[in-house]
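No lab work stands behind these numbers, since they all come straight from the coordinates. Just so we're clear, the structure is a prediction, and the values are computed from it rather than from any experiment. Here Cβ is always computed from backbone atoms with ideal geometry, including for glycine, and neighbour counts include all displayed protein chains.
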Amino acid sequence: MRNVAVVGVGHSQFGNRFDVTIDELALESVKEALDDANLEAKDIEFMVVGCAGVWSAEDSPAVICSDYCGMLPKGSMRVEAMCATGSAATFVGYNVVASGFADLVLVVGVEKMHELPTLLQVERMGRGGSFLWEFENFGLTFPGYYALYATRYMWKYGLKEEDLAEVAVKNHYYGAMNPKAQFRKAITVDTVMQSRYVAWPLKLFDCCPLTDGSSALILASEDKAKELTDTRVWITAIGSSTASSALVSRGLDFCGLESAVEAAKQAYKKAGIDPDEPAKYFDLANVHDCFTIAEILAYEDLGFCKRGEGVRLIREKQTYNGGLIPVNLDGGLKSKGHPIGATGCSMIYTLTKQLRQEYGKYASPSAQADIRKGRALAHNVGGSGQYAYVTILSLEKPQR
Amino acid sequence: MSDLFDKAKESIKKDGLPIVEEERSRLPLYISLREFPLRYQLGVSKLQKFFEGLKEGKVYATQCNVCRNKFFPPRADCPKCLTSNVNWMPLDPEGQLLTYTVIRVKPSSFAHYKDYVVGIAQLKEGIRVLAWVSVDDPEKIKPNMKVYLTTARREPEGYITYELTLKAPF
């Protein structure tokens, strides 16, 4: 297998994008990524499109996005792994380069969730669980799946709704600095506490929004990367795992996601990271905070703290910039938005800019992490834990 | 199905096009005239015993005759042994509530129900079941309380399903 570097990144404005079609939306980030890498569409040999689908009218988004971005007649495909679709697409793109099939691959994650009428949006998300055993008879919604984790966790570890609110406060604080975030407004614990219950104990401000957006990455082989740039960000390791669709078959007593634990274990092993003290290896991380409880679970699943201690990290501001491990300095899914096919790519976009020390100029100097270790982690969960991808980026070239 | 579809029809009468202004952004949206209603049809011949059980007031799980693992949702094939040599067993109704939520914002196909409580119970055999918790006031429940699994009619449709109750059903 060959080394793979991220040589170009792009990101569209996230939000309600009623102004564009899905292919126009994809082009926004693709154009940026090509400019960033100093490349033209004709230089790219293969294109991977991450798009969860059903949200928008076009059933085969890889075809129209490929056409609109000037990629014909290069090969392409659509990749789906629920909310971890962007990371799964990156995984495919990584392997297309690593295997030697191509030297330059374009990965674009895109979702246009507002193409589906409002009435059907909750329905579409709810159907992401085990269809006959959770949705058909019991009408679980996405906040509902995570609320089942939240209730158990709060009961077991004495977590309060106010503690969960602190996660939203942090992520909105950083989202307010991100020029491409959907919500660019700081909030307080009161904002969260006064919002209405969506699925008790989760309230509207515990939830990420529905978002239209795209994010693109250009992945290159070692030789190509050396030609193109001096600040190469390497994909050091990717861990991936699948867990049961039915919530009742999951482990960890609903206080963690076993898929995330497994994906982290794989990635740490490949990258030579001590699984007992992973936080000290990273300058920052982006984790899948689709709901506030999900960020707490992520701290623990990734081993940044022990089980049940995630709340301490947020209470002590250890995941703010300058803390033990800064998390979601771009606002996370919560404030930046969560176009489900694009989120995984968006995480890598942020982390690449952070490692290159370009994020401060792009957003705000106070959101630029101190880059000392030259390593960053992306944790992207699909569904309520059915899929997990953990991707490790590094400024140092992986040794083979 | 679209909430903007009625506006689109008016717009066709007025301007000849199904293009309407999106309320907040005031941007033009082309409202598709082609609805795509989805109602899936699932093959359940391997789960027939489960559905027959519901008619008799029982909730069945399966157990692999090779590795003895038990499954709920019931599986006709063991994922560990990949054998179809499984046994159907009715579940003992007594259990403990592990977690729950109250669904306030519902999927459109559930809009006609009052807010409902979804819970997960751990039953005696070590099996877990996810179902609605039948309770008039969600304040009355908390994790670890005793619950019972029972079959029930879901109204207004009147079909048989299963639920968790706070009182023993017999």
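Calculated on the alpha-carbon coordinates, the convex hull of region A:4-44 measures out at 81 cubic angstrom per residue. Measuring nothing but alpha carbons in the protein assembly as shown and taking Rh as the Kirkwood radius, the Rg to Rh ratio lands at 0.98. For B:Lys7, a cut-off of 18 angstrom between C-alpha atoms picks up these aspartates and glutamates, skipping any fewer than 8 places away in its own chain: A:Glu115, B:Asp15, B:Glu21, B:Glu22, B:Glu23, B:Glu35.
When a footprinting reagent is the concern and you count Cβ atoms within 10 Å, what order do B:Ser32, A:Ser99, A:Ser56 take, fewest first? Before the final figure, lay out the partial values.
Details: B:Ser32 14, A:Ser99 11, A:Ser56 23.
Ranking B:Ser32, A:Ser99, A:Ser56 by Cβ neighbours within 10 Å, fewest first, gives A:Ser99, B:Ser32, A:Ser56.
For region A:130-156, the residues whose amide N sits under 11 Å from a probe point set 7 Å from the Cα of B:Tyr113 along the beta carbon direction are A:134-141.
Mean per-residue shielding of peptide B:69-79 is 2, counting Cβ atoms of other chains within 10 Å of each Cβ.
Neighbour counting of Cβ atoms within 10 Å sorts the residues B:Met145, A:Met125, B:Met89, fewest neighbours leading, into B:Met145, B:Met89, A:Met125. Note: chain B, Cα convex hull, 189 Å³ per residue. If one puts a single equal scatterer on every Cα of region A:221-341 and applies the Debye formula without solvent, what log₁₀ I(q)/I(0) results at q = 0.17 Å⁻¹? So the normalised log intensities work out to -0.97.
Electrostatic bookkeeping for B:Tyr60 treats Lys and Arg as +1 and Asp and Glu as -1; over the other residues with beta carbon under 9 Å from its beta carbon, the sum is +1.
If you count, for every residue in B:89-102, the Cβ atoms of partner chains within 10 Å of its Cβ, what is the mean?
Working: counts 0, 0, 0, 0, 0, 0, 0, 0, 2, 8, 14, 7, 17, 8.
Shielding by partners across B:89-102 averages 4.
Oblate is the label for region A:113-197, because the ratio a/c of its alpha-carbon gyration tensor axes (a ≥ b ≥ c) is 1.5 or higher and a/b is not greater than b/c.
Using the count of nearby Cβ atoms within 10 Å as a rough guide to exposure, how do A:Glu40, A:Glu358 rank from fewest to most?
Details: A:Glu40 10, A:Glu358 15.
The fewest-first ordering by Cβ neighbours comes to A:Glu40, A:Glu358.
In this simple spin-label model, placing a label point 7 Å from the Cα along the Cα-to-Cβ direction at both A:Lys160 and B:Glu52 gives a separation of 5.5 nm. Of all lysines in the structure, those lying under 20 Å Cα to Cα from B:Lys49, and not within fewer than 8 positions of it along the same chain, are B:Lys58, B:Lys70.
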